[in-house]
Amino acid sequence: MVIVLGYKFPKLYDKLENHNHHHNNHHHEPHELSASLKAFRAEVSNLINEIASDSKHGSEILSLFWIKKCLGILPLINKAFTKFTLEIDYPMSKWEIDSIEEYLNYSLCLLELFNSISSSLSHLEKAKLSLIHNLKLVFENSQSLAASHHHLKAIQPSYLKTKFGNDLCEKSHKVRFLKGKELIVNEAMNEMKIIGSWVCGILLSGLCSDVKPYIEVKKMVDGFDGSSIFTLDSKISEGLVEENFMLKEVKDVNDAVDYLLVASDEVKNDAAKELEIKVNKFVKVFDAVKSEVDDLFSKVMALRTELIDQLRKQY
């Protein structure tokens, strides 16, 4: 699924620079705009609370199963954002240049993060296939299991090739003077960006068993203070700084592999069956996460392309 995303959105908007504000025909009072933003944030907070309600402390929650739930709220937040822009009568078709550029930068950042996640998932995919193959050999071998399981290896963390900092999700240093609907939309968009980046950072750190992606993503969005995600982040981040932290499903498989490798002949068959159970659980949730990431990538790309096409037609 990995797609090279070197393409930065060009200045298609030159004609917009002198574009008047005739789109904003429907006047909204400041308190109405604030109320709409508050309602959007409340809806986002409810979604965050849903994934926080069944979360445990620190590293205990760092599992692919839980992260899949986190990925699942991203399209729901985007849907809430769309509803919010319609409520204030400021959909994308009416946006000014600053809002357009901000959204395109945000969507490009998400696509780049999804690319990094996809690369890390590819590493796990190879480990998954190797485990399935070698476990099959264990059960097919009619001789001593000792001869057939020596190829079994624990899952190793993915090596993250992505360069963070200025090479990923480059920040815009353009000075913006926003007001009215544009200011309100920008604040809502920033909330989306923070949560999307947080989810991607958590997943990348989990896949790599390395806190660096999470820390770099946090820097990239200037921290999570004031965001709906702040309380949950404070709870989860403790687990990310623990030494040798690992996604629960990966740890379960690796523990089962280690046990099988040292098990006595009397219990080797039971140990192999236990490993099979752990591998099947891992495969199921891994495939679900991979599918979720691919689907999110496609949706973000489609919306980005739609906005670009719309601009080309209108201007």
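The values are calculated or read from the model by the stated rules, or taken from the named source; none is laboratory data. Remember, it's a predicted structure, so these values are computed and weren't measured experimentally. Neighbour counts run over all protein chains shown; Cβ positions are idealised from the backbone, glycine included.
Taking region 216-259 as the range and being among the charged types (D, E, K, R) and farther than 23 Å from residue 156 by Cβ as the test, the residues that pass are 218, 219, 222, 225, 233, 235, 238. Residues that are of a type outside the set (Gly, Ala, Ser) and crowded, with 19+ Cβ neighbours inside 10 Å were ranked within region 116-136; the one that is nearest to residue 199 (Cα to Cα) is 117. Look through region 226-238, keep the residues that are among the aliphatic types (A, V, I, L, M) and in a helix (DSSP H, G or I), and return whichever of them is modelled with the lowest pLDDT. Per the criteria, the residue is 236.
Under the condition of being in a helix (DSSP H, G or I) and under 22 Å from residue 73 (Cα atoms), the residues counted in region 239-278 number 4. Residue check: residue 231 meets all listed conditions (1) closer than 30 Å to residue 139 by Cβ; (2) surrounded by fewer than 18 Cβ atoms within 10 Å (Cβ to Cβ); (3) touching a residue at least 40 places away in the same chain (Cβ under 8 Å); (4) polar (S, T, N, Q) but one, namely (1). Evaluated against (1) within 21 Å of residue 159 (Cα to Cα); (2) in contact (Cβ under 8 Å) with a residue 40 or more places away in the chain, residue 287 falls short on exactly one condition, (2). Can you tell me how many residues within region 195-215 are surrounded by fewer than 20 Cβ atoms within 10 Å (Cβ to Cβ) and more than 24 Å from residue 126 (Cα to Cα)? Number satisfying all stated conditions: 1. Would region 279-297 turn up any residue that is closer than 22 Å to residue 101 by Cα and part of a helix (DSSP H, G or I)? Yes: one or more hits.
Annotation note: Cβ proximity below 7 Å between a residue of region 88-115 that is free of Cβ contacts under 8 Å to residues at least 24 places away in the same chain and a residue that is of a type in the set (S, T, N, Q) (sequence gap 6+ or interchain) occurs for 91/85.
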